[in-house]
Amino acid sequence: LPTPYYPLPQRPPPMPQISLGHSSLTGPRPRNEDFCGAATPEGPELDAKGILAAVADGVGGHANGREAAEYTVRGLLSDYYATPDTWAVNKSLDTVIKALNRWLVAHAARNRESAGMATTLSAVVLRGRRYYLAHVGDSRIYRLRGGRLEQLSTDHVWEHPELKNVLSRAVGLDAHLSVDYADGELEAGNVFALMSDGIWGQLGDRKIADILQSEADPQAAATRLAVTAEGGGSQDNCTALVLRVDAL
């Protein structure tokens, strides 16, 4: 008789060990309309969904830009982990982000003072040995690997001199939202930096790379990015969130 075969249970992929830090400064603006956050769950939730971090830069009059940014980040951080474990990471992100977009559009339609409220969104998930990105707007996601800085996101702004820095895509801007997704392999030592345009627009890629290379601690790197941009004359809010992959 053939030997009975008992398949071994599938083990979840090992989770990366990370360090993270963040900083958000108001700058010369009357209020801070940026918002950032991260979720580092434990146990089965970590195995199934990984670590999620996001930065948003709200637009809109009064306090509605901040409301859009905070609602979007908080909603993503909570609802992403409520999606079925059987879903792929990008499917979970897309489902949640588009639901948040529908709510913002409907909210702005119901409230005249909220008209025009919207937000950029740049998010990264670290799960197993891979990273996953979701992006809309002109906040940016950078990766430092092997001493080389690479912009992993694309700015969604109108290519016209009279529409400089005007968003062509944002959460809450239109009922039909198109989100950029990407994924790739993680390596130990990778550094991911998410930031609003108040930082990258002031510092430029070379200065950002210098700071990320010289500051080994993610909190020190995030703080220096924001403080240097603000001190250098940035006219916008300055928000940075830095994640370092310590081990795989």
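The values are calculated or read from the model by the stated rules, or taken from the named source; none is laboratory data. From a predicted model like this one, the values you see are computed outputs, not experimental measurements. Methodologically, a virtual Cβ is constructed for each residue, glycine included, from the backbone with ideal geometry; neighbour enumeration extends over all protein chains shown. The accessibility values were calculated without ligands, DNA or RNA, using every heavy atom of the protein model including side chains. Shrake-Rupley method; radii C 1.70, N 1.55, O 1.52, S 1.80 Å.
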Lone unmet requirement of (1) open to solvent by 10 Å² or more (accessible area, probe 1.4 Å); (2) out of contact with any helix residue (DSSP H, G or I) (no Cβ under 7 Å at 6 or more places or on another chain) for V179: (2)
Segment 214-248, residues that are over 24 Å from T40 (Cα atoms), in contact with a helix residue (DSSP H, G or I) (Cβ under 9 Å, 6 or more places away or on another chain) and either surrounded by fewer than 24 Cβ atoms within 10 Å (Cβ to Cβ) or not small (G, A, S) (or both): S214, T228, E230, G232, G233, S234, Q235, D236, N237
Selection from segment 207-235 of residues that are more than 30 Å from R129 (Cβ to Cβ) and without any contact (Cβ under 8 Å) to a residue 12 or more places away in the chain: G231
Any chance T228 is in a helix (DSSP H, G or I), more than 15 Å from A56 (Cβ to Cβ) and touching a Ser or Thr at 6+ places or on another chain (Cβ under 6 Å): no
Number of the condition not met by Y132 [criteria: (1) touching a helix residue (DSSP H, G or I) at 6+ places or on another chain (Cβ under 7 Å); (2) of a type outside the set (A, V, I, L, M, F, W, C); (3) within 20 Å of A175 (Cβ to Cβ); (4) open to solvent by 20 Å² or more (accessible area, probe 1.4 Å)]: (3)
Qualifying residue in segment 192-213 (condition: surrounded by 14 or more Cβ atoms within 10 Å (Cβ to Cβ), within 19 Å of L76 (Cα to Cα), touching a Phe, Trp or Tyr at 6+ places or on another chain (Cβ under 6 Å) and not acidic (D, E)): yes
Which numbered condition D138 misses (of (1) modelled with pLDDT under 95; (2) within 13 Å of the chain's Cα centre (by Cα); (3) acidic (D, E)): (1)
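For segment 101-120, state whether one or more residues are under 29 Å from A188 (Cβ atoms) and surrounded by 23 or more Cβ atoms within 10 Å (Cβ to Cβ). Talk me through it step by step, then tell me what you get.
In the first step, residues of segment 101-120 are kept if they are under 29 Å from A188 (Cβ atoms); the result is none.
No, the conditions are met nowhere in segment 101-120.
Taking the residues in segment 20-35 that are polar (S, T, N, Q) and in a loop (DSSP other than H, G, I, E, B) as candidates, determine which candidate is most open to solvent (accessible area, probe 1.4 Å). Spell out how you get there, then give the answer.
Of all residues in segment 20-35, those polar (S, T, N, Q) come to 23-24, 26, 32.
Subset that is in a loop (DSSP other than H, G, I, E, B): 26, 32.
Values: T26: 50, N32: 28 Å².
Per the stated criteria, the residue is T26.
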